[in-house]
Amino acid sequence: FVGHVAYYVESMPYELHFGNGDAARIVRYDHVDEPRQNVSDWKTAYRNVLTEYMQTVSYNDSARWDLADLDSDGTFELLISMGESRISGGVRIYYYENGIAEPVLNDYDGGVLMFGYYGEFKYCSDEGLIRADDIHLGYEVSAVYNYRDHSVTIQQSVSNDKGAVGPENATYTVNDQNVSEEVYNSTLNEINSKNWINAGRSYSFSDFSALN
């Protein structure tokens, strides 16, 4: 079954919450209980995952998938983009280990991690980083996570509400702490300077050619 644990706060409808702070609001969770078949290669394992996903209630016509070596370990991760919308367009991340394709789990309830917005996220394999960005109703959030040992942990987040309240009343944050606009811009520039690659929606579910 699929169970989203995200919630809205009436006073802040622009934010989808999962805990305290901007970074926590970037990540969404999905829970599934699916045994994985032991196979000899990652391409076969990922094909099985995609085929199984097409039989679930989560699958829809806007779903896409992708491959990315998120941590430069020589084996690609499988990314399943559930759609293109802001809220429901999270990306599942699967990895291949010991003959099995496994989903990356969250540390909230052990459910399948849902990452990113609009069916995509960015990654920097050189540093083992993944990144999610959201712009909604004048609010901007960017969060960078470490992807290591098939788990995701927050490294840094920045946010501002300039588009919602205007430049004179804007609040800027770094790691949920209020900072000056100058510090915010400097931190964001540092984040942007990394070698980010977009991922999530390269292939349709009618095209498994990358797994041949």
Subset tally (residues that are touching a Phe, Trp or Tyr at 6+ places or on another chain (Cβ under 7 Å) and open to solvent by 40 Å² or more (accessible area, probe 1.4 Å)) for region 39-70: 5
Can you find a residue in region 189-209 that is part of a helix (DSSP H, G or I), over 30 Å from GLU52 (Cβ atoms) and open to solvent by less than 60 Å² (accessible area, probe 1.4 Å)? yes
Looking at region 147-162, is at least one residue open to solvent by less than 50 Å² (accessible area, probe 1.4 Å), in a loop (DSSP other than H, G, I, E, B) and within 30 Å of THR44 (Cβ to Cβ)? yes
The one condition PRO167 fails out of (1) open to solvent by less than 60 Å² (accessible area, probe 1.4 Å); (2) out of contact with any Lys or Arg (no Cβ under 7 Å at 6 or more places or on another chain); (3) not in a strand (DSSP E or B) is (1)
Taking the conditions exactly as written (touching a His at 6+ places or on another chain (Cβ under 8 Å), open to solvent by less than 60 Å² (accessible area, probe 1.4 Å) and among the hydroxyl-bearing types (Ser, Thr, Tyr)), does TYR139 satisfy them or not? no
Flagged in region 92-116 as of a type in the set (Phe, Trp, Tyr) and either free of Cβ contacts under 8 Å to residues at least 60 places away in the same chain or open to solvent by 40 Å² or more (accessible area, probe 1.4 Å) (or both), in numbering order, are TYR94, TYR95, TYR96, TYR108
Using the structure shown, decide if GLY89 is in a loop (DSSP other than H, G, I, E, B), more than 19 Å from SER157 (Cα to Cα) and open to solvent by less than 10 Å² (accessible area, probe 1.4 Å). yes
Just to verify a result, which residue in region 117-136, among those that are surrounded by fewer than 22 Cβ atoms within 10 Å (Cβ to Cβ) and not in a strand (DSSP E or B), is nearest to the chain's Cα centre (by Cα)? TYR118
Checking VAL183 against (1) in contact with a strand residue (DSSP E or B) (Cβ under 7 Å, 6 or more places away or on another chain); (2) open to solvent by less than 60 Å² (accessible area, probe 1.4 Å): exactly one of these is not met. Which one? (2)
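The values are calculated or read from the model by the stated rules, or taken from the named source; none is laboratory data. Predicted model, so just to flag it, every value in this text is computed and none were measured. FYI the Cβ positions are ideal-geometry reconstructions off the backbone, even for glycines, and counts take in every protein chain you see. Surface areas here come from the heavy atoms of the whole protein model, side chains and all, with no ligands, DNA or RNA. Shrake-Rupley method; radii C 1.70, N 1.55, O 1.52, S 1.80 Å.
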